[in-house]
1. Being without any contact (Cβ under 8 Å) to a residue 40 or more places away in the chain and part of a loop (DSSP other than H, G, I, E, B) is the filter; apply it to the stretch 189-234 and report the residue that is surrounded by the fewest Cβ atoms within 10 Å (Cβ to Cβ).
2. Looking at the stretch 162-181 only, could you name the residues that are over 25 Å from PRO339 (Cα atoms) and either crowded, with 21+ Cβ neighbours inside 10 Å or within 16 Å of the ligand (Cβ to nearest atom) (or both)?
3. For the stretch 295-306, which positions are within 27 Å of the chain's Cα centre (by Cα) and assigned to a helix (DSSP H, G or I)?
4. Does at least one position in the stretch 89-102 carry a residue that is part of a strand (DSSP E or B), among the small types (Gly, Ala, Ser) and under 26 Å from HIS213 (Cβ atoms)?
5. In this structure, is LEU70 of a type in the set (A, V, I, L, M), assigned to a helix (DSSP H, G or I) and away from the ligand (no atom under 12 Å from the Cβ)?
6. With closer than 23 Å to VAL179 by Cα, buried (at least 23 other Cβ atoms within 10 Å of the Cβ) and within 12 Å of the ligand (Cβ to nearest atom) as the only criterion, which of ALA102, ALA82 stands out?
7. State yes or no: is TYR126 more than 30 Å from MET244 (Cα to Cα), aromatic (Phe, Trp, Tyr) and within 15 Å of the ligand (Cβ to nearest atom)?
8. State yes or no: is ARG331 out of contact with any Ser or Thr (no Cβ under 6 Å at 6 or more places or on another chain), within 19 Å of LYS268 (Cβ to Cβ) and either of a type in the set (Ser, Thr, Tyr) or crowded, with 22+ Cβ neighbours inside 10 Å (or both)?
Amino acid sequence: MSRVYNFAAGPATMPVPVLEKAQRDMLEYGNSGMSVMEMSHRSKMYLEIYERAVADIRELMNISDDYEVLFLQGGATTQFSAIPLNLMVKGKADYLDSGNFAHLAAEEAKRYGTVNIAGSTRDSGYTAIPDLATAKFDPDADYVYICQNNTIYGTRYVELPQTAAPLVADVSSMFMSEVIDVNRYGVIYGGTQKNLGPSGLAIVIVRKDLLGHQKDICPVLMNWKLQADKGSMYNTPNTWGIYMAGLTFQWLKELGGIAAIEKINIAKAQMLYDYLDESRLFKPTADKKYRSRMNVTFVTGDAEKDAAFVKAATAAGFVNLKGHRSVGGMRASIYNAMPVEGVEKLVAFMKQFETENA
Ligand code: PMP
């Protein structure tokens, strides 16, 4: 077996110790005689897995009792609908349009109320985050929505909007990659398939006072209050996804928590950007001020050279470096589980490619 360096944006590379633990548990978890996938979600053994996962995320992110933590199905996109259905009490929301996923979330919210695009960088190809100083927030909005790290374009908010309305943030591609102050948000949510495990699961951290105001038409599975009351088990949850996220939380705790991984993530991103800034072949595409630490986007400026690079990299064991189909070029997603050594080796490979192709 030879594992590659997988720079995919998600589903993405996972920590080897997490995969090994899952492998050891695959046929029999503890002394249960069965795998986690075969257990009743209401069994004592599974409930312990679930409760440990909740306790660990609370500890890692320093989540107070003012917030509920929900593990819901349907990935992040299901929450594009759940957010307006649960929060649009007055029927209005502000959206900052910083990329395709923010745009899709805003389009979905329009089905349920009035959406004000408070700021947008769509016209300039989403290479930057909307300017917060000139954004036009509606003082009457039920919430302000951001996508805090833009997976496709490789941008990240460096500061949060200061608004009276609760802040709702999609953190799918930066979940637990840096220390954040949960108390600054009304809702923090994201899909798990980048930093926290397999796909199909979303974690929603919601302030308790925002629960219970859902619209009558809100489907039961999207009703956050109901899911909070039922311990995220109104129906059969994604038991395997929750178990894998739980193992990832344990791995993070052993590493020293989010502050420790944040340091590593800054170093990895710095290494790649430092090289891109001095390269004569590759150019970083995101506005310098807003560079993502998780998704590093770059081009050569020549589509053929881009393709040749991706091909050569794949052959050398650096896979999934092709940029998103909507923007082209290259993207190296360097989530928590990408080892420093993977980035070091990628940079060495890029230097070599540059020497041969500049
Ligand atoms: N938001 C962001 C920032 C994403 O990167 C993605 C997926 N790449 C989504 C939302 C959609 O997630 P899902 O496929 O889990 O619905």
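The values are calculated or read from the model by the stated rules, or taken from the named source; none is laboratory data. Predicted model only: the values in this text are computed from it and were never measured. Cβ atoms come from the backbone with ideal geometry, glycine included; neighbour counts cover every protein chain shown.
1. The qualifying residue surrounded by the fewest Cβ atoms within 10 Å (Cβ to Cβ) is ASP216.
2. The answer is ALA165, LEU167, VAL168, ALA169.
3. ASP306
4. Yes, that holds for at least one residue.
5. In short, no.
6. ALA102
7. Criteria met by TYR126.
8. Answer is no for this residue.
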